[in-house]
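Colleague: If you scroll down you'll find the structure; I have some questions about it.
Every number in this text was worked out from the coordinates using simple rules, so none of it is lab data. From a predicted model like this one, the values you see are computed outputs, not experimental measurements. Backbone-built Cβ (ideal geometry, glycine too); neighbour counts: all protein chains shown.
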Amino acid sequence: MAEFDTPRPSLVDLAHQAVAAALEAGDIVVDATAGNGHDTAFLARAVDTVRHVYAFDVQQQALSNTRARLAESGLEAQVSLIHGGHEELAQHLPPECHKRIGAIMFNLGYLPGADKSLTTQTESTLAALEQAVTLLRPGGVITVLGYTGHPGGKEEAAAVADFAARCPPSLTICRQGGPPPVPELTILQLSRH
C-alpha cells in the first residue's frame, strides 16, 4: 500500500481557520500587526461576515504595503489603516467596538523585506494582549503567531506563552509550534457565556 504525505496546514493557515470559525455576522476585526497585509486581506475577504477591519502598524512601509495589497483585490473600503502600535488598540478603536471585536490577529517579529532590526517588542505585545482580551466579544478569538528565530523573538514568544498560561478560565488556550526557531501559534478564545 502506498503512503501519502498529506501536507500539514501552516500555522498561518491554522490561525486563519480559528478566526474563520469564530466569526459572526457583523463582526469587527483587528489585524494588530498589518505587516505586508496578508492577514488584513484575509480578514477583509470575509465581507459577508465582517463589518469592518482595523489594521495597525508602526511602520509606514507596512501600511503602504497593506494598502497596495488591499487595492489589488478591491478590499480597501472596509479597512481602516492605523499608523500606531498594537499597544494602542483600545485608544484607536471607537468605543462602540469595545467588547464587540470578533477576532484580533497578531503576527509578531519583523516586516518581511524590510529592516530586520525593527521588531515587535515583548512589552508592547503584552500590553496589546492585555487590551485585546478586554476588547473581545463572547466567542471572540485572538491569534498570536510568534517567530523565535530573530533577536528577542524567543523571549517574546515565551512571554506570550506565559501570558496565555495566566489567562482566566473564560479563555480557552491552544498552542502549537516547536522548539526555536520554529514559529509558535497561540490561540485564545473567550467563552460564549
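Colleague: So which trypsin sites (Lys or Arg not before Pro) in region 103-193 end up in coil per DSSP with only 14 or fewer other C-beta atoms within 10 Å? Spell out each step's value before the answer.
Modeller: Numbers: sites: Lys116, Lys154, Arg166, Arg175, Arg192; in loops: Lys116, Arg166, Arg192.
Answer by residue number: Lys116, Arg166, Arg192.
Colleague: Describe numerically, in nm with one decimal, the distance between label points set 7 Å from Cα along Cα→Cβ at Gln17 and at Asp162.
Modeller: Taking the simple label geometry, Gln17 and Asp162 are separated by 3.1 nm.
Colleague: On a C-alpha basis, how far is the centre of region 1-75 from the centre of region 107-184 in Å? Whole number, if you could?
Modeller: Cα centroid of region 1-75 versus Cα centroid of region 107-184: 16 Å apart.
Colleague: Suppose every Lys and Arg Cβ carries +1 and every Asp and Glu Cβ carries -1, with no other charges. What dipole size does the chain come out with about its Cα centre, to the nearest 20 debye? Walk me through the intermediate numbers first.
Modeller: On the way: 13 positive and 21 negative charges, 67 e Å.
So the magnitude is around 320 debye.
Colleague: Name the most mobile residue of Asp31, Asp162, Asp57, meaning the one with the largest mean-square fluctuation, in a Gaussian network model of the chain with Cα contacts below 10 Å.
Modeller: Asp162
Colleague: In region 1-94, which chymotrypsin sites (Phe, Trp or Tyr not before Pro) fall in coil by DSSP and have 10 or fewer other Cβ atoms within 10 Å? Please list the in-between numbers first.
Modeller: Details: sites: Phe4, Phe42, Tyr54, Phe56; in loops: Phe4.
Those that pass, being in a loop and sparsely packed, are Phe4.
Colleague: For a quick check of your reading of the filter: which GluC sites (Glu not before Pro) in region 21-115 sit in a DSSP loop and have no more than 13 other Cβ atoms within 10 Å?
Modeller: Glu24
Colleague: Additional query: For region 24-181, what proportion of DSSP beta bridges, expressed in % and rounded to the nearest 5, is antiparallel?
Modeller: So the antiparallel bridges amount to about 5 percent of the total.
Colleague: Over its Cα atoms, what ratio of radius of gyration to 2.2 N^0.38 Å does region 1-117 give?
Modeller: 1.14
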